[in-house]
Structures are given as structure tokens and as C-alpha cells.
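Structure, as C-alpha cells:
The values are calculated or read from the model by the stated rules, or taken from the named source; none is laboratory data. It should be emphasised that the depicted structure is a prediction, and the values quoted were computed from it without experimental measurement. Neighbour counts run over all protein chains shown; Cβ positions are idealised from the backbone, glycine included.
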Amino acid sequence: MRKLLLPLLAGLAGLGVASGVLAQDTAAVAAQAASSVAQAASGVAEAASAAAAAAPVPNKGDTAFLMISTALVILMTIPGLALFYGGLVRSKNMLSVLMQVFMVFALISVLWVVYGYSAAFTAGNPFIGTLDKLFLKGVTPESVGATFSKGVVLPELSFVSFQGAFAAITVALIVGAFAERIKFSAVLAFSVLWFTFSYLPVAHMVWYWDGPDAITSEETLAAVTNNAGWLWAKGALDFAGGTVVHINAAVAGLVGAIMVGKRVGYGRESMAPHSLTLTMVGASLLWVGWFGFNAGSNLEANGTAALAFINTVVATAAAALSWCAGEALMRGKASMLGAASGAVAGLVAITPACGFVGVGGALVMGLLAGFVCLWGVNGLKRMLGADDSLDVFGVHGVGGILGALLTGVFASPDLGGTGICNYVSDKCGEWGGIGAQVWVQAQAVGTTIVWSAVVAFIAYKLVDLVIGLRVSEEEEREGLDITSHGETAYNR
């Protein structure tokens, strides 16, 4: 019996030892597995943290800068442009001009968020975007948009607001060409059509691209170029709207002045401005607001914005001086209207160039703009024979064309300009030659003139057929303040 128990006890003891070893091995494996899972989780967390750290975050300073710039652009429209235009018409039409500018601004601001932003600043084809962001679909407080520097972004909503103010003032500029004789309803109807089929395509052609972060190699540069607006892909330079805003609006205004016809008594009766005081106030507000227009177009508060800012001071001052000097030579006297008009001419001319040219280039451009635009509102106006009431084409058209072409000259680094940026190497200052760039600029100017003229002609025709463009002669003689709005600007 004892002989049988000893082997049994020995076997049980061995089984216990083996079980202990197995338990120890299982625990070790479990511990190693847990450690591996923990390490993997840690790696995922670190990767997520690194990705979060790498994602660019809007800079509060840049964001505040752009929002202030947007407010300045609104200031230059209402009240700036409204008072500038209002002072230039006869007192019986003062209120009508204020109303047209104010309501066009409101109308385009609404259309901008409904479909304008989407059509101008989404990737569609070289001429127009899509409706993917209809009613700002998908644009939230967390959405970001590109600037002109890699790794620098802005809240997309701030960019939407800024560009919306640009769109609104562009359409409002046209009002000055046919002031004092057009139906209020016709102004609004035309504004919808022209904004949709001229402003939005031109803005897309000149300004739309995927942003610098999308460019990392020659292959990605080619992809971005193929996806960009037609004129951007050609290399056209327009820092703040020489083609998109000024030439675009001025051509539409000239077409309107011709199609609406001359004011009753034009060339025979006095049509002197009723308040040059208000015109001077409006011009001053335009100059102040234009800093938001030009410097704000850089999107970032950096050295290039500072360059655009000082160029806006210098070119405007030079143009005011040269316009008044030209007046003094021609007529023996310099006028307040001339000083205000010269300042606006300088603002227009420097707009496409302000972030590309040096201060010396801005000075020359301003001096030339004063003389050339003085000819535009005198000699050229007589040649065209159109009653452009407030010289929209003579100042914005002529000044815009001059500025756009001279951008191709003075942006050259040899003349103190900044050149252009190569986002593959992430370096700026490259240049393909003045002749080549001026040719590209000329293509942008020509495209804008033809596009705007065709769209404007069709839009005016449609409005004329449906509701009519012009008020009756009796209404025009009485004044649009009373006949169109039932109010007067001044109660005596």
C-alpha cells in the first residue's frame, strides 16, 4: 500500500509544480500583452497629439486685422462712397444716390452669403466655382481658409465677410455712371444680374486658387494651377481689385451711361455738384477706408500689409497733387473737386499694385494717375460722348487700367518691387521679366473689359424690356428724391 501511495503523491506534487509554472507563464504573457496594448495606445495618442499640433490654428492678430479691415471697407462704402457721390449730384437727387448705394450694399451682402461666395471661391472650373457652399453650407466658426503664407490660416467666416464687402462696393460703384435719371427698381434688378454673371466670374478668374499649403512640388503646383481661376493660372497680379473691382465696375458703368442715355438738359443746363463739402467728406472716408481695402487684402498683419498701407498713403497723395497741378496748368486754378478726384484716382491706380511695388513705384504710379485720370474725365469723356454722370469710367476705368498695367512694371525687383513667390521653394522675389508680366496684365485687363461689357449690355437690355431703365422726363426734372422715394434730402 505504501509503495502505491508514494508514486501517487509524487505525481500530484509534479502536477502542482507544472500548474504553477503554467500559471506564471500565462500571467507573463498577459502582462506583456497589456504592455503592448498600452504602448500602442500611447503611440496613437502621441500621433494624434502631433497631428493636432501640426494643424495650423488661426492667429488672433491676423483675425482681428482682417475683421477691422472689413469694417473699413464697409465704412468706405456707407457712408464714404454714398457721400462722395451724393455731394456731386444736384440737391434734388441727393437722397436717391444715397438710397441706391445703401440698398445695393444690402442687396449684394445678402446674395453673397446665399450663393456669391460659393460661386467665386470654390473649385469648379477656370471661370466659375460651384454651389457647394450655398447659404455658406459647411462654413462654421471652426472652418479655416488659406492666406498667402504656408501654415498660416484664418477663420473662413472672416474671409467671407471681407470678400463680401468687396463685392458690395464694386456693384455700388456703378451707380455713379447713370445717376439722376434711372429707376430705383432698375438699379436693383441690374445689380442682381451683373453681380451674378460678371462680378462672380471675374473674381473667380483672378483670385481663386487652392492656397500655398497645397503646393509642395512641381506636380502639386501644376495641379493647383489647373484648379485655379483662368487669369490666376496665367499669372495675373491683382493685389486688391484693379481688374475685379475697378475696371469691372467702370466698364459696366460706361455701358449703362450710354444705354440709359444723357440727362435731360445735359450740356445746356448747369449740373454742378450741390455740395463739394460732402464730396470732400466722402473722399476722405474713402481714403481712410481704403487702408482696409488694400492692406487687408494681404490677409495677414505682416510686412507686406505694411507695404500696401504706406503705398496707399503715397500714391493717393501724389495723385491728388498731380491732378491739382494739371488743373492749375489747364485752368489757372486748382479745385477742391480736383483734389478729391485726384485722391480717388491714386487709390484706384495703386489698388492692384499695392502689395507688389515698392514705395518709389507707388509714388510714380500716383503721379501718373493724377494726370492720366484728369485727361480721362475731360478729353476721353468728350471723345466717348457719354454722360457718365460722376466720371466712373474716367477715374475707376482709366485709373484701374493704368494701375493694372503698371503693376507689371513696378513689381519688378529691379525697380523696388517684390517680384512673385515660388511656393515650391517657398521663396519670393522671382521675376519673369517686365515685358512678359505686362503682357499677362494686359490679358487680364482685356478679359475684364470684354466680359463686363457683354454682361452689362445684356443685363441692361433685359431690365429695360421687363421694367424699363429710365424715369420719365417729368420725374427727372422734378428730381428722383421726391418721385422715386417720396422724400427730400433737405427740408427748408
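Values as computed for the structure displayed
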{"item": "Condition check for Thr279: touching a Pro at 6+ places or on another chain (Cβ under 8 Å) and either at positive phi or surrounded by 23 or more Cβ atoms within 10 Å (Cβ to Cβ) (or both)", "result": "yes"}
{"item": "Test: residue in the range 392-415 that is surrounded by fewer than 19 Cβ atoms within 10 Å (Cβ to Cβ), free of Cβ contacts under 8 Å to residues at least 60 places away in the same chain and small (Gly, Ala, Ser)", "result": "no"}
{"item": "Count of the range 96-150 residues which are among the charged types (D, E, K, R), out of contact with any Asp or Glu (no Cβ under 9 Å at 6 or more places or on another chain) and surrounded by 15 or more Cβ atoms within 10 Å (Cβ to Cβ)", "result": "1"}
{"item": "Leading residue by the ranking (farthest from Ala172 (Cα to Cα)) among those in the range 235-284 that are among the hydroxyl-bearing types (Ser, Thr, Tyr) and assigned to a helix (DSSP H, G or I)", "result": "Thr277"}
{"item": "Of all residues making up the range 211-224, the number that are on the phi < 0 side of the Ramachandran plot, surrounded by 16 or more Cβ atoms within 10 Å (Cβ to Cβ) and part of a loop (DSSP other than H, G, I, E, B)", "result": "1"}
{"item": "Sole residue being within 18 Å of Gly86 (Cα to Cα) and under 11 Å from the mean Cα position of the chain (by Cα), chosen from Ile169, Ile182", "result": "Ile169"}
{"item": "Residue ranges of helices (runs of 4 or more DSSP H) in the range 285-390 with at least 1 members basic (Lys, Arg)", "result": "303-331, 381-384"}
{"item": "Scope the range 87-128; condition aromatic (Phe, Trp, Tyr) and out of contact with any helix residue (DSSP H, G or I) (no Cβ under 6 Å at 6 or more places or on another chain); matching residues", "result": "Phe121"}
{"item": "Any hit, the range 216-226, residues being in contact with a helix residue (DSSP H, G or I) (Cβ under 6 Å, 6 or more places away or on another chain), more than 20 Å from Leu390 (Cα to Cα) and of a type in the set (A, V, I, L, M, F, W, C)", "result": "yes"}
{"item": "Hits in the range 85-95 (condition: of a type in the set (S, T, N, Q) and surrounded by 21 or more Cβ atoms within 10 Å (Cβ to Cβ))", "result": "Asn93"}
{"item": "Exclusive hit being crowded, with 18+ Cβ neighbours inside 10 Å, small (Gly, Ala, Ser), closer than 30 Å to Pro58 by Cα and touching a helix residue (DSSP H, G or I) at 6+ places or on another chain (Cβ under 8 Å), set Ser341, Ser322, Ser297", "result": "Ser297"}
{"item": "Qualifying helices (runs of 4 or more DSSP H) (wholly inside the range 417-486; at least 2 residues being free of Cβ contacts under 8 Å to residues at least 60 places away in the same chain and surrounded by fewer than 18 Cβ atoms within 10 Å (Cβ to Cβ))", "result": "434-466, 473-478"}
{"item": "Cross-chain or 6+ apart pairs with Cβ under 6 Å, the range 329-340 first and closer than 19 Å to Leu276 by Cα, then of a type in the set (Ser, Thr, Tyr) and outside any loop (DSSP other than H, G, I, E, B)", "result": "Ala340/Thr279"}
{"item": "Yes/no for Ala64 being more than 30 Å from Leu188 (Cα to Cα), at pLDDT below 95 and either in contact with a helix residue (DSSP H, G or I) (Cβ under 9 Å, 6 or more places away or on another chain) or surrounded by fewer than 16 Cβ atoms within 10 Å (Cβ to Cβ) (or both)", "result": "no"}
{"item": "Hits in the range 447-492 - residues which are at pLDDT below 95 and among the hydrophobic types (A, V, I, L, M, F, W, C)", "result": "Ala489"}
{"item": "Among the residues listed as Gly138, Gly176, Gly145, the single one being outside any loop (DSSP other than H, G, I, E, B) and either more than 24 Å from Leu95 (Cβ to Cβ) or modelled with pLDDT under 95 (or both)", "result": "Gly145"}
